[in-house]
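Asks: Sharing a structure, written as structure tokens. Questions coming.
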Amino acid sequence: MAGKTLYDKLWDDHLVKQRDDGSALIYIDRQLLHEVTSPQAFEGLRIAGRKPWRLDANLATPDHNVPTVDREKGIDGIVDPVSRTQVETLDKNCDEFGILEFKIKDQRQGIVHVIGPEQGATLPGMSIVCGDSHTSTHGAFGCLAHGIGTSEVEHVLATQCLVQKKMKNMLVKVNGKLGPGVTGKDVVLAIIGKIGTAGGTGYAIEFGGEAIQSLSMEGRMTICNMSIEAGARVGMVAVDDTTINYVKGRPFAPTEAQWDQAVEYWNTLHSDADAVFDKVVELEGSEIKPQVSWGTSPEMVAGVDGSVPDPAREEDPIKREGIVRALKYMGLEANQKITDIQLDRVFIGSCTNSRIEDLREAAAVVKGRKVAPSLKQAMVVPGSGLVKAQAEQEGLDKVFIEAGLEWRDPGCSMCLAMNADKLGQGEHCASTSNRNFEGRQGFGGRTHLVSPAMAAAAAVTGHFVDVRELTH
Amino acid sequence: MRAFTQHKGIAAPMDRSNVDTDMIIPKQFLKSIKRTGFGPNLFDELRYLDEGKPDQDCSKRPLNPDFVLNQDRYKNASVLLARANFGCGSSREHAPWALDDFGFRAVIAPSFADIFYNNCFKNGLLPIVLEEEVVDKLFRETEETEGYELTVDLESKTVTTPSGESFGFEVDDFRRHCLLNGLDDIGVTLEDADAIREYESSRKQTAPWLFNASN
């Protein structure tokens, strides 16, 4: 019999019941909650007279709607009354049901996918869900983690389980070493460019190979975070010493004898050497260049030295029409060089790239330089209050402010523009977020997905530039 | 949940691939704490020429005459024809809520994104995967014939055209069973409460750190 993949092991360890009809009950170790996708779930519990199955498995924080200025005002600082109601509703629900919440003024507040790992609430081998598609982030810890809808949020609150059907296994192997200036973000954009935005649909992806193994936990989180942009709900990396060292000493991590017992188990969380994958995709790390998205789907990417594609050269009529539509929306010309794209705003933040290493990377590029005068705005939004405090301790805030970038309070911010931070119509933005869909960052806004270093380079030049030209 | 057995209704063609859930219901409408009322903002950025705001009277807004659902012949559509990878992106269940609130009961496409597909079943909205060639044919016939109606039958797992041509589709037994009977998923799972407790007590032995109180 062939060995097991990491996904097979995680599935087996969480299987409560296999049903005859092919569905299965899977146990959920951790649910993260935020204000946008939980109110209807709590309301459902109330209407049915149900109680949460296990309170201590849940952790909540407001992130999507929170303003990134005037944090000391707390909820009163939320100008939009509809946003304010949503954040107040989360507070009320968590208080009523007894769920731990890092409220808006708590220093531990932040983007759910940043605070889970930061607190050690995300532990290797856990099954983790959240009403947010970027829950795949936590797969970086060898977790079975994925986004769910609001009905399933309610289902997990009430039963601690999900009804699931097992996915297929895919291995994405990135061989060799990454070049200097090439980050996890560039790797995942290159992967999505290769397999397409539906390439991972129906699969749980394991990312492996030397280039992945050599990444820090934060780089791995960036890669797993965007699995969903390749269509895969689940993205994972095997547990190794990097994982275990990251977890050690975090507030929710086990200690003493339980720590030793946990580490012994965690060290088994990798695919067996003879495991069989349904699909294997390989990339050469040394061939990956800093990436820039030019279109309205995350698969529409090019190397920074490349050009916007010419639809006339696309043979598939549906793809051709997709390119024509994207170029029209983005206001770009076929064959235009990526480095000729002029920018209006720069956004450094989001659950993809708002952790301390991301901020260090960006600060290293802007240090001693100034934001290009042609830009309307360049902003840095740390992923949590603790990331913000760490960055300030290292003096990164001063580097950004001296260069002319805005230093904000934590939240999802301009990644999806549910708060006041948004693009104006027709504006081009170099963004470290995860989606370049039409209107994502504001009505008529034009998003280009890049790494923090590339966003920082764009901020000081006003257009895209190969960050390696500035730093090496 | 509302049961789905059979539905006959006008088909509307949404002719673009990779329609994401941001497009189905833009973020500003996600601030609602209710499950209903999203219909007027379905496909908001494609449907209207101005920027939509929450709690706005949409009947006064300028319509985009080129958008398919603004054409009189599709205004009462209840079966949406779509292209590959429909519903990709965000996990927002507001997307099926908006489709349902508009009046759609079924969506037919060559493929769906996983989370959206799953969310549909929780709301009595049936997502149907048909071969690309079949979907192409349905698009052609819908565009050629005003008032073109499709009959979707979950019991027999078929889609039937006005000329009587029938196409079979696959759907998981569990999902089909729940939808046919309008079952509450949570109620079904709670029938296995003993199995869940048994799993927990055995897991507490092998992985006690997963049960440390977090608060």
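Only the coordinates and a few stated rules stand behind these numbers; no lab work does. None of the values given here were measured: they were computed from a predicted structure. Using ideal geometry, Cβ is built from the backbone for each residue, glycine included, and neighbour counts are taken over all protein chains shown.
Asks: Just tell me how shielded A:133-139 is by partners: mean number of partner chain Cβ atoms within 10 Å of each residue's Cβ, no decimals. It would help to have the intermediate numbers written out before the result.
Replies: Working: counts 10, 2, 1, 0, 0, 0, 0.
Going residue by residue through A:133-139 and averaging, the value is 2.
Asks: Still on this structure: Where both partners of a DSSP beta bridge lie in the protein assembly as shown, what percent of those bridges are antiparallel, to the nearest 5? Don't jump to the answer; show the numbers that get you there.
Replies: Working: 25 of 78 bridges.
About 30 percent, rounded to the nearest 5.
Asks: Could I ask something else about it? Which of the lysines could a cross-linker span from A:K367 if the Cα-Cα distance has to be under 29 Å and same-chain partners fewer than 8 positions apart are dropped?
Replies: A:K177, A:K185, A:K289, A:K337, A:K376, A:K388, A:K398, A:K422
Asks: On average, how many beta carbons from a partner chain sit within 10 Å of the beta carbon of a residue in A:54-63?
Replies: Working: counts 3, 3, 6, 3, 2, 2, 0, 0, 0, 0.
Mean partner-chain Cβ count within 10 Å for A:54-63: 2.
Asks: Could you order the peptides B:31-44, A:391-404, A:443-456, A:119-132 from most to least packed, using the average number of other C-beta atoms within 10 Å per residue?
Replies: On the way: B:31-44: 18.9, A:391-404: 17.1, A:443-456: 27.7, A:119-132: 25.1.
Most protected by this proxy first, the peptides run A:443-456, A:119-132, B:31-44, A:391-404.
Asks: Mind checking which lysines have their C-alpha under 17 Å from A:K92, skipping anything on the same chain fewer than 8 residues away?
Replies: Answer for A:K92, where 17 Å is the Cα cut-off: A:K51, A:K103, A:K105, B:K31, B:K34, listed by chain and number.
Asks: Let me ask you something else. Would you tell me the mean number of C-beta atoms belonging to other protein chains that fall within 10 Å of each C-beta in A:160-170, as a whole number? Walk me through the numbers on the way to the answer.
Replies: Numbers: counts 5, 8, 3, 10, 1, 4, 0, 1, 0, 0, 0.
Averaged over the peptide's residues, the number is 3.
Asks: If you take the square roots of the eigenvalues of the alpha-carbon gyration tensor of region A:1-289 and sort them as a ≥ b ≥ c, do you get rounded (a/c under 1.5), prolate (a/b over b/c) or oblate?
Replies: Details: a/c = 1.69, a/b = 1.38, b/c = 1.22.
Prolate, because a/c is 1.5 or more and a/b exceeds b/c.
Asks: If you don't mind, another one. Post the alpha-carbon centroid distance, region A:58-93 to region B:17-71, in whole angstrom.
Replies: Result: 24 Å between the Cα centres.
Asks: When the Cα centres of region A:434-469 and region A:285-313 are compared, how far apart do they sit, in Å?
Replies: The two parts, judged by their Cα centres, are 13 Å apart.
Asks: While we're here: Classify chain B: rounded, prolate or oblate, from the alpha-carbon gyration tensor (a ≥ b ≥ c, eigenvalue square roots; a/c under 1.5 rounded; otherwise prolate if a/b is larger than b/c)?
Replies: Values: a/c = 2.40, a/b = 1.45, b/c = 1.65.
Note, shape of chain B comes out oblate.
Asks: While we're on this one: So how far apart, in nm, are the two label points at B:K137 and A:A364 if each is 7 Å from Cα heading toward Cβ?
Replies: Here the answer is 5.8 nm between the modelled labels.
Asks: Hey, can you grab everything whose amide H is under 5 Å from the amide H of A:G147? Only 5+ residues off in sequence or another chain; H modelled, so Pro and N-termini drop out.
Replies: When sequence neighbours closer than 5 places are left aside, the close amide H contacts are A:T135, A:S136.
Asks: Right, next: In a shell of Cβ-Cβ distance under 12 Å around A:Y329, excluding A:Y329 itself, what net charge do Lys and Arg (+1) and Asp and Glu (-1) give?
Replies: Working: positive: A:R325, A:K328, A:R440, A:R446, B:R16; negative: A:E438, B:E45.
Net of charged neighbours comes to +3.
Asks: I would also like to ask the following. Describe numerically, in nm with one decimal, the distance between label points set 7 Å from Cα along Cα→Cβ at A:N245 and at B:H7.
Replies: Result: 5.4 nm between the two label points.
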